[in-house]
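First the structure, in the form of structure tokens, and then the observations on it.
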Amino acid sequence: MEHLLKKAKNLFTGYYNLLLLFLTALFVFRPYARSDVYLAGWKLLLTVTLLTAIFNSKHSRAVRWVSSILSVPTVVLCWLNLEHHMGPIFVANAVCTIVFLTIVTTSVLYDVVLRARVTLETLRGVICAYFMVAFVFAYAYYLIEFVTPGTFRLATEGLSVFSYTQYLSEMLYFSFVTLLTIGYGDIVAIKDVGQTAAVLEGIIGQFYVAILVARLVSVYTFYGDKQLLKEFEHKQEKGSV
């Protein structure tokens, strides 16, 4: 019983556990409803997720300070955009969110790939980084559509880019489908900038999995061989006594 309790405790302690939970909820309950109450709830969840990305991730002190400072305008503009559908606020909100998520995602990738250990914490970080890459591209598509209208042909025609509830939901869906290289075709990038961004995300999705698997296998092999070497040396020492 104590062993099971210890395993359960390990599951919910450490870095990336809360972040993974909130990122999953952020996508599952993405802003597909047009209700202002629902959208406000989603923005609240987004705010909590952004803060969790800072304090529930393993960052260097510099990254933590930069992301903390950048989170202030990101959160403020996010809430301002709820009531004020103005171009400058919209652009500033999208840019701040993209920059914030890019910095945090890069830091997480550095932690889980370059300093990888085959642990449950590492696996949580890997999934979190994958989610955040999709969110970065979703906001990028969102911004591209605002700057060059008609870049994407949506499943629901006639949406305004300011229809934050539905439009961002569509871009999140498209981003995850593209990152996973599924490509259902219900949402299509028509113009050059959108097509380039979509292809870039697809390439990242493919190489992310390939590089990550190779890295984790090499780390696992290294530590496995190191453990075997220690056991062998320990047996040699016991045999010589």
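The values are calculated or read from the model by the stated rules, or taken from the named source; none is laboratory data. Please read these numbers as outputs of a predicted model, since none were measured by experiment. Glycine gets a Cβ as well: all are built from the backbone with ideal geometry, and neighbour counts include every protein chain shown.
With the structure loaded, tell me whether PHE232 is part of a helix (DSSP H, G or I), more than 26 Å from the chain's Cα centre (by Cα) and either at pLDDT below 90 or not charged (D, E, K, R) (or both) or whether it fails that test. Yes. In the range 125-140 there is no residue matching the filter, namely being among the aliphatic types (A, V, I, L, M), under 11 Å from the mean Cα position of the chain (by Cα) and farther than 19 Å from ALA25 by Cα. Considering (1) modelled with pLDDT of 80 or more; (2) surrounded by fewer than 21 Cβ atoms within 10 Å (Cβ to Cβ); (3) under 16 Å from the mean Cα position of the chain (by Cα), the lone condition that VAL113 does not fulfil carries the number (1).
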